[in-house]
Amino acid sequence: MDNPVIIFGAGGLGKAALDIFNSVQITVYCFLDDDHKLHGTVINEVSVLGSTENDKFIKLIGKKCEAFIASDDNRYRRDLIGMLMESRKTMPINSIHANTVISKSAIIGHGNFINSGVILGATSEIGNHCILHSNAVIDYDVRIGNFVQIGTGSVINSGASIGNETFIGSGVTIVSGVTIGKGAKIGAGSVVIAGVTENTTVFGNPAEVIRKK
């Protein structure tokens, strides 16, 4: 990729995304953030130049720049993605650290954040706009939907299926073949040995239901 990147969001995830792009020698043009207190500040030599609605910079996307959305708020991300699709006819790019191990047969969608030490096994599939934190392991034949967040050091074993908008905390183990429904939440350190239905929160070893919508 030759074009520089504009990062939407100058918080912690934005700073991590900058580190990722630096690791693969992709230039970050600027940050855009809706916190006006950040405007004019500099993060590792990259300036926060305005809000996420600043047309001066948005009009560069798709022509001279790419975009990456650095936020774990799915509603906020959806709004920005919709804006980019409508006004610029483009999707956010992936932010993938140089220190990852990705099988040649793995399939990765758009707009994903994949941090250092992540492993994607053979024929695994990652949807769009997911966040995979450091050292997460996605084994072979795993299917991950859209807007999924997987915490640091979590292990998703072979053949598991993770529904859209699922949140998986740090240090979670999901055993082979388990299906996690859309919108489920898995508490940090849990060991999931059975399927989890949609919009259900589980925690523990073995994981048990603590809340269900």
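Structure data summary
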quantity	calculated
Test: residue in region 103-114 that is over 14 Å from the mean Cα position of the chain (by Cα) and among the hydrophobic types (A, V, I, L, M, F, W, C)	yes
Selection count, region 115-147, where residues are in contact (Cβ under 8 Å) with a residue 60 or more places away in the chain and buried (at least 19 other Cβ atoms within 10 Å of the Cβ)	4
Tabulated pairs, region 23-45, first touching a residue at least 60 places away in the same chain (Cβ under 8 Å), second part of a loop (DSSP other than H, G, I, E, B) and surrounded by 18 or more Cβ atoms within 10 Å (Cβ to Cβ), C-beta under 9 angstrom, 6+ apart or interchain	23/97; 24/97
Residue in region 44-53 that is crowded, with 19+ Cβ neighbours inside 10 Å, among the hydrophobic types (A, V, I, L, M, F, W, C), in contact with a Pro (Cβ under 6 Å, 6 or more places away or on another chain) and over 24 Å from residue 125 (Cβ atoms) present	no
Scope region 148-166; condition under 21 Å from residue 97 (Cβ atoms) and surrounded by fewer than 22 Cβ atoms within 10 Å (Cβ to Cβ); matching residues	149, 151, 152, 153, 155
Test result for residue 67, closer than 24 Å to residue 128 by Cβ and touching a strand residue (DSSP E or B) at 6+ places or on another chain (Cβ under 6 Å)	yes
Residues being in a loop (DSSP other than H, G, I, E, B) and either under 14 Å from the mean Cα position of the chain (by Cα) or more than 21 Å from residue 61 (Cα to Cα) (or both) - total across region 71-90	3
Test: residue in region 10-32 that is modelled with pLDDT of 95 or more, at positive phi and either in contact with a Pro (Cβ under 7 Å, 6 or more places away or on another chain) or assigned to a loop (DSSP other than H, G, I, E, B) (or both)	yes
Among the residues listed as 2, 19, the single one being more than 27 Å from residue 148 (Cβ to Cβ) and among the acidic types (Asp, Glu)	2
From the options 188, 194, residue that is out of contact with any Gly (no Cβ under 6 Å at 6 or more places or on another chain) and surrounded by fewer than 20 Cβ atoms within 10 Å (Cβ to Cβ)	194
Residue tally, condition closer than 17 Å to residue 13 by Cβ and either surrounded by fewer than 17 Cβ atoms within 10 Å (Cβ to Cβ) or not assigned by TED's automatic domain parsing to the domain that holds residue 149 (or both), over region 98-114	1
Residue tally, condition more than 19 Å from residue 198 (Cα to Cα) and either assigned to a loop (DSSP other than H, G, I, E, B) or outside the structural domain of residue 200 (by TED's automatic domain parsing) (or both), over region 130-150	7
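The values are calculated or read from the model by the stated rules, or taken from the named source; none is laboratory data. These numbers were taken from a predicted model, which means no experiment stands behind them. As a convention, Cβ positions derive from the backbone with ideal geometry for all residues, glycine included, and neighbour counts pool all protein chains shown.
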